[in-house]
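Read the structure below first, then the notes.
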Amino acid sequence: MLGEYRIEGRRAAEIAASVERAVSSGELPPGQLLPPLRELAGDLGVNPNTVAAAYRTLRDRGVIETAGRRGSRVRQRPASTWRELIRVEPPEGGRDIATGNPDPALLPPLGDALAAAAARHAECPALYGAPDITPELAGLARAAFDAEGVPDGPVAVTSGALDAIERVLAAHLRPGDTVAVEDPGWGSLLDLVPALGLRAVPVAVDDDGPLPGAVEEALRHGARALVVTTRGQNPTGAAVSPARARELRPVLAAHPRTLLIEDDHLHGITELPLCPLAGATEHWVLIRATAKGYGPDLRLAVVTGDAVTVDRVRGRQRLGPGWVSHLLQDTVAYLWRTGALDSRAVSGSYGARRDALVRALRARGLAAHGRTGMNVWVPVPDETGAVARMLRAGWAVAPGTRFRLASPPGVRLTVSPLTLDDIEPVADAMASATGSAPRGRLD
């Protein structure tokens, strides 16, 4: 069954490690069926319960999936396989519009903010026992949440949006629980869910966010949590509209024990207002990260939510890293307090490029999507062929498989490296690479 590879070990941890090493090395490829429990137990001379424990560990780590009588097999994308590795390098002299990075020219200078943080540190250094969030950052974050209609709640600080999502999921869910995620959706989140031993169930989206019917179906079938991107959804650019929020709130209210996670990563650099769903369920959080507006290396996010969830996140954080550097917190507080980011200019710059590309692609018969943010999603009939032909034309685009669970093929184009003069050449190349694609919903 396993070819030449032989699983080894006498204890559950040793058996699990043997399988995991083979998956990492490629000796056990994706989809490989593993031996039945009793058969492997007999080969190893151990109790079947020992093998069962090893398989549970592998499942919880996102290495294998189990399907009852159909057996256990290596996941098609084990948790150790990072989706960011599914990328293409631009040809010599070509252009990379696949990365999803912000435009460095639109990031605010950090010199004054870092200097101010260093000066404050010199006067009053943060020592063991200091609060995990500075009063100034907490006050600024809470005031911004209040101004946009986010329900009252305590504030925490994490090392970016994904760190916050991981901590919130771990605060409420156990391995084997199901999480409803947008599809297509953020590749890093699609990696994180199985790595936590959780199961992802896809929820279709359109330009206004998750489809209410898809959300209802996922929750009705037992999803314990729902992750929603409020604006600038990656990769589609979707944003939850006022009408969609009105549709989603009663769906969530009918499942009050659902853990609701809202990712507002585009805060400050989008022209669209926030339409929060927060408060529709008993346990909820809304997360705001600084990466898109101030630079990916400024690893900080503020989180608000119900008291139980935020307290669990802060309590667990104290047992691990303890806190997010006060130097970073003071830097972000300075940037927010002084208005260092020209939000209107930044959102206008991304919007001009994004909207121009969407118009150009649609004019050529391609069903392009990009309501907000810095990415454009293009459904295509042949993803591999489209990526290869774009490479030959000198453009590296992101393969849609990085962002998909069950949704149809597509490619993602990031507009931040483009100028307005690049729009027509990119659209021409996409039209040549893909032909006409059907218009309509993303599902």
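Highest average first, the peptides 128-138, 172-182 ordered by how many other beta carbon atoms sit within 10 Å of their residues are 172-182, 128-138. Taking the dipole about the Cα centre of the range 111-338, with the C-beta of Lys and Arg at +1 and of Asp and Glu at -1, give me whichever of LEU173, LEU260, ALA138 is farthest to the positive side. Of LEU173, LEU260, ALA138, it is LEU173.
Of the trypsin sites (Lys or Arg not before Pro) in the range 2-38, which ones lie in a loop per DSSP and count no more than 13 other C-beta atoms within 10 Å? Passing both the DSSP loop test and the Cβ count: ARG6, ARG10, ARG11. Projecting the Cα atoms of VAL411, LEU219, GLY160 onto the charge dipole of the chain (Cβ charges, centred on the Cα centre) puts LEU219 farthest toward the positive pole. For a paramagnetic label modelled at 7 Å from the Cα of SER24 toward its Cβ, which residues of the range 185-221 fall within the zone defined by backbone nitrogen distances under 17 Å? Answer for this model: 195-196. The overall shape of the range 172-228, judged from the alpha-carbon gyration tensor, is oblate: a/c is not under 1.5, and a/b is no greater than b/c.
So how strong a dipole does the range 111-338 carry about its Cα centre when Lys and Arg Cβ are +1 and Asp and Glu Cβ are -1, to the nearest 20 debye?
Computed about the Cα centre, the dipole is about 560 debye.
Under 1.5 on a/c is rounded, so check that first for the range 321-386, then, if it is not, pick prolate when a/b is larger than b/c and oblate when it is not; a ≥ b ≥ c are the square roots of the alpha carbon gyration tensor eigenvalues. Note, shape of the range 321-386 comes out oblate.
About its Cα centre, the dipole of the chain is roughly 1060 debye, where the only charges are +1 on Lys and Arg Cβ and -1 on Asp and Glu Cβ. For the chain, the gyration tensor built on C-alpha atoms gives an oblate shape. Its axis ratio a/c (a ≥ b ≥ c) is at least 1.5, and a/b is not larger than b/c. A Cβ-based charge dipole, computed about the Cα centre of the range 12-74 with Lys and Arg at +1 and Asp and Glu at -1, lands at about 240 debye.
Read the figures in this text as sums done on the coordinates, not as results from a lab. For clarity, every value in this text was computed on a predicted model and none was experimentally measured. Don't worry about glycine lacking a Cβ; one is built from the backbone with ideal geometry, like all the others, and counts go over all protein chains shown.
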